[in-house]
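Below: the structure, in structure tokens.
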Amino acid sequence: MRRLLCCCLCVFSTTSCAYYTVNPGHRGLRFDPHEGGLHQRVLEPGIYNLGWCVLRDCGSVDDFDVTYSTHKEIVHTVSSEGLAMDVHLAIIYRPILSELYDLANEIGRQYYEEVVGPEFRSSSRGVFARHAYGELMVKNEKIEDEIENEVRRRTHGKHVEIASVTIEGVDYAHEIATAVREKLVAEQDALRQKAAIEAEALRKRTQIETEAEAAKLRADADTDGEKRRAEIELLKERNARALAAEKTAVEKAEAEARLVKARADAREMEILAKGQLAANRAKATALSPLLVQEEGFKALGQLGGSQTAIYLGDWSQAPAFLFPRNGPLALPNTYTLPPLAPPKP
């Protein structure tokens, strides 16, 4: 019995406790009727124990999807011309995490149906009514921004974040679609004709510009040719002048060299003459009377030939046999002439 009672208590205790799981991408608010109702603390993803639920209400958790949600609407509206159309729109939104408690208290979990959806449709109709029928596909990005700003203005303070609004398509009435198609075809034909006219005009203008450029290039080429010929003639003249100047410089250098050589030769001759004059003077200064007499005797001896005695002064009157040349009575002023030297060839 005790074991059975324990098992019953365990089963009773485990089945009487309530748990709630907050999944990723969601947030929860705890509602406990016994502890003040809705709590302000936002529950992160996880498992939460709600307490004992035996013979009492243990409350609940208000679960909010906080990821970006996309809701699509088909808005029936008219253009600024009064033409009816059905526009396929999409809005991306999510609740503001820091204002989740206020959103649950003021609007509830069905906040799109209560606030976002009606404001979105009303804002879209107002924006489309300000634009012409043909602007929907041309200025779609601008129209999307206008609708997005209008929805944000209308939902300000409603604890909801609007990410973006997109136009996914437009359904036109059959007669309007036909008229628009014909208009588009006519516009395309007009654009093709305009493009053809502009292309022809561009071709002609390009041809004229090409011909003008070619003529200019030819004129520039002729001018350049004349200029080059003039430059060549100028270079030739400069070269001739340079050659003449070089020739003149060479001749001048040669004349200067000859002049320098002549001056050097004259200077050399002058120095040699001065040297010879100095040598003659020195030689004349070095001769004494005795040397002159000796040279005279040598000259007389050469004139007389060999075996000839020449007497000078009073001794020349004496007979020769009295004064032999080599005897003891030979006169003191006699001079024995040396033999004549053989004649030079």
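If you check ALA163 against the conditions, is it of a type in the set (A, V, I, L, M, F, W, C) and at pLDDT 80 or above? Give the steps one after another, and end with the answer.
Numbers: of a type in the set (A, V, I, L, M, F, W, C): yes; at pLDDT 80 or above: yes.
When the stated conditions are applied, ALA163 passes them.
Just to be sure, is VAL78 in contact (Cβ under 8 Å) with a residue 24 or more places away in the chain and among the aliphatic types (A, V, I, L, M)? Let's see the steps before the verdict.
Details: in contact (Cβ under 8 Å) with a residue 24 or more places away in the chain: yes; among the aliphatic types (A, V, I, L, M): yes.
Considered against the rule, which asks whether it is in contact (Cβ under 8 Å) with a residue 24 or more places away in the chain and among the aliphatic types (A, V, I, L, M), VAL78 comes out as yes.
Consider ALA219 carefully, then state whether it is hydrophobic (A, V, I, L, M, F, W, C) and not in a helix (DSSP H, G or I).
Numbers: hydrophobic (A, V, I, L, M, F, W, C): yes; not in a helix (DSSP H, G or I): no.
No; evaluated as a whole, the condition is false for this residue.
So which residues in the stretch 123-163 are polar (S, T, N, Q) and farther than 30 Å from ARG109 by Cβ? Explain how you work it out, then say what you get.
The first filter runs over the stretch 123-163 and keeps only residues polar (S, T, N, Q), leaving 123-124, 140, 149, 155.
The one that is polar (S, T, N, Q) and farther than 30 Å from ARG109 by Cβ: ASN140.
Looking at THR166 and the list (1) part of a helix (DSSP H, G or I); (2) in contact (Cβ under 8 Å) with a residue 12 or more places away in the chain, which single condition is not satisfied?
The number of the failed condition is (1).
What is the residue count in the stretch 82-112 for residues that are out of contact with any His (no Cβ under 7 Å at 6 or more places or on another chain), more than 24 Å from HIS39 (Cα to Cα) and not hydrophobic (A, V, I, L, M, F, W, C)?
The qualifying residues number 3.
In this structure, does GLU114 turn out to be without any contact (Cβ under 8 Å) to a residue 12 or more places away in the chain and in a helix (DSSP H, G or I)?
Numbers: without any contact (Cβ under 8 Å) to a residue 12 or more places away in the chain: yes; in a helix (DSSP H, G or I): yes.
So GLU114 passes the test.
Out of ARG109, ARG94, which single residue is surrounded by 15 or more Cβ atoms within 10 Å (Cβ to Cβ), of a type in the set (D, E, K, R) and assigned to a loop (DSSP other than H, G, I, E, B)? If you could, list the steps in order and put the result at the bottom.
Details: ARG94 fails: assigned to a loop (DSSP other than H, G, I, E, B).
Checking each option against the conditions leaves just ARG109.
For the stretch 119-173, which residues satisfy the criterion of being surrounded by fewer than 14 Cβ atoms within 10 Å (Cβ to Cβ), within 17 Å of THR70 (Cβ to Cβ) and of a type in the set (A, V, I, L, M, F, W, C)?
Across the stretch 119-173, the qualifying residue is only ALA163.
Can you tell me which residue within the stretch 80-89, out of those that are surrounded by 15 or more Cβ atoms within 10 Å (Cβ to Cβ) and within 55 Å of the chain's Cα centre (by Cα), is modelled with the highest pLDDT?
Filtering the stretch 80-89 for residues that are surrounded by 15 or more Cβ atoms within 10 Å (Cβ to Cβ) and within 55 Å of the chain's Cα centre (by Cα), the one modelled with the highest pLDDT comes out as LEU89.
Could you please give the count of residues in the stretch 49-75 that are exposed (fewer than 12 other Cβ atoms within 10 Å of the Cβ) and within 17 Å of ASP171 (Cβ to Cβ)?
Residues that pass the stated criteria total 1.
If we scan the stretch 116-123, do we find a residue that is under 51 Å from the mean Cα position of the chain (by Cα) and under 21 Å from HIS88 (Cβ atoms)? Talk me through it step by step, then tell me what you get.
As a first pass, look at the stretch 116-123 and keep what is under 51 Å from the mean Cα position of the chain (by Cα): none.
Within the stretch 116-123 (the criterion being under 51 Å from the mean Cα position of the chain (by Cα) and under 21 Å from HIS88 (Cβ atoms)), the answer is no, since none of the residues qualifies.
The values are calculated or read from the model by the stated rules, or taken from the named source; none is laboratory data. In this text, all values refer to a predicted model and were calculated from it rather than measured experimentally. Neighbour counts are summed over all protein chains in view; Cβ atoms, including those assigned to glycine, are modelled from backbone coordinates with ideal geometry.
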